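First up is the structure itself, then whatever we jot down about it.
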Amino acid sequence: MGSEIRRMFLGKGFWMGLAVAMAGIIFGASYPKIEGLLDTGKFVSMETEALKSQAMIFLLPLASVLPWSDSFLLERQGGFLKSALPRTGRRVYVESKVFTVALGGFLAVFLAGLLMFFIYFSVFFPLEEQGKFPWNSVRELTSILFRCGILGGIISTFGGICGTLTGSVYLAFGLPFVSYYFCVILRDRYFENALWLYPPQWIEGSAKWGENSMGLWLFLFIFLGVAMVLHGGLLYDRVSEI
């Protein structure tokens, strides 16, 4: 599994996904006019709103699938599988692939948010009024960022499923994007109360999901787990044919 993760980090797809996620935060943030000192915690609220912005919602699917969703197809087409499978075995290969695909989507989004947090802190925190550090706002931002990361893992895994089923790199990237926006359109136009159908609400978490949004966290983890199991089953079937 370690070699799989290392190859993901060495690939350009992961860094492209990270850059896309950072772009979503940069373009989604509302930047203040510097006319005197800023309110305490402004750098935190900037990123919090950016993660819920239309720019981030639009770019999140692309940032999620770029890191590793197409890796199985590329390895099969490039002949890597024929040399790797005898050394690792099918089960180990599939487990490593499923975990790393989900991890790639999570990390591309989460690390982008973490990097932008430190950038905004370095730039805007010295311009703020001195006061108590906004730990409550930081906790809220951390929760939103984790949900963005989990959603990234779900989308990345779905991209892996689409690629495994269709054998197309383009569909591994395109179908998650289309499906994501299909859910958004369905909810906006026909099913306004269907929280489970609306990814932007999973990020924001403002609806009634139970105490401390436990229902939302449970929903996301179950969704991710089911997607990973399905991805693993399909992948093992395809690998068995090689």
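The values are calculated or read from the model by the stated rules, or taken from the named source; none is laboratory data. In this text, all values refer to a predicted model and were calculated from it rather than measured experimentally. Methodologically, a virtual Cβ is constructed for each residue, glycine included, from the backbone with ideal geometry; neighbour enumeration extends over all protein chains shown. Please note that ligands, DNA and RNA were not included when accessible areas were found on the heavy atoms of the full protein model with its side chains. Shrake-Rupley method; radii C 1.70, N 1.55, O 1.52, S 1.80 Å.
What the table shows:
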read-out	value
MRE, 222 nm, helices only [DSSP H, n ≥ 4, -39500 (n - 2.57), over the chain, to nearest 500]	-25500 deg cm²/dmol
Inter-probe distance in nm under a simple model that places probes 7 Å from Cα toward Cβ, at F58 and L186	2.4 nm
Within the stretch 26-52: backbone nitrogen closer than 14 Å to the K132 label point (7 Å, Cα to C-beta)	40-41
Residue among L145, L74, G36 farthest towards the positive dipole end of the stretch 1-151, charges placed on Cβ	L74
Heavy-atom surface of the chain, accessible at 1.4 Å and reported per residue (Å²)	51 Å²
Distance between modelled label sites at E211 and T142, nm, 7 Å Cα→Cβ extension	2.1 nm
Solvent-free Debye scattering, log10 I(q)/I(0), computed from the Cα coordinates of the stretch 1-101 at q = 0.12, 0.20 Å⁻¹	-0.55, -0.96
Percent carbon-and-sulfur accessible area, the chain, ignoring ligands, DNA and RNA, probe 1.4 Å	65 percent
Per-pair calculated FRET efficiency, R0 = 22 Å: A23 and F125 via Cβ, rounded to 0.05	0.50
Space enclosed by the convex hull of the alpha-carbon atoms of the stretch 45-116, per residue, Å³	93 Å³
Theoretical FRET efficiency, 1/(1+(r/R0)^6), r = Cβ-Cβ of V178 and S3, R0 41 Å, to 0.05	0.80
Loop sites in the stretch 129-220: GluC sites (Glu not before Pro), DSSP, at most 15 other Cβ within 10 Å	E129, E192
Point-to-point label distance, A194-E49, nm (Cα→Cβ direction, 7 Å offset)	3.1 nm
Under 20 Å between alpha carbons - lysine pairs in the chain that sit 8 or more apart or on different chains	6
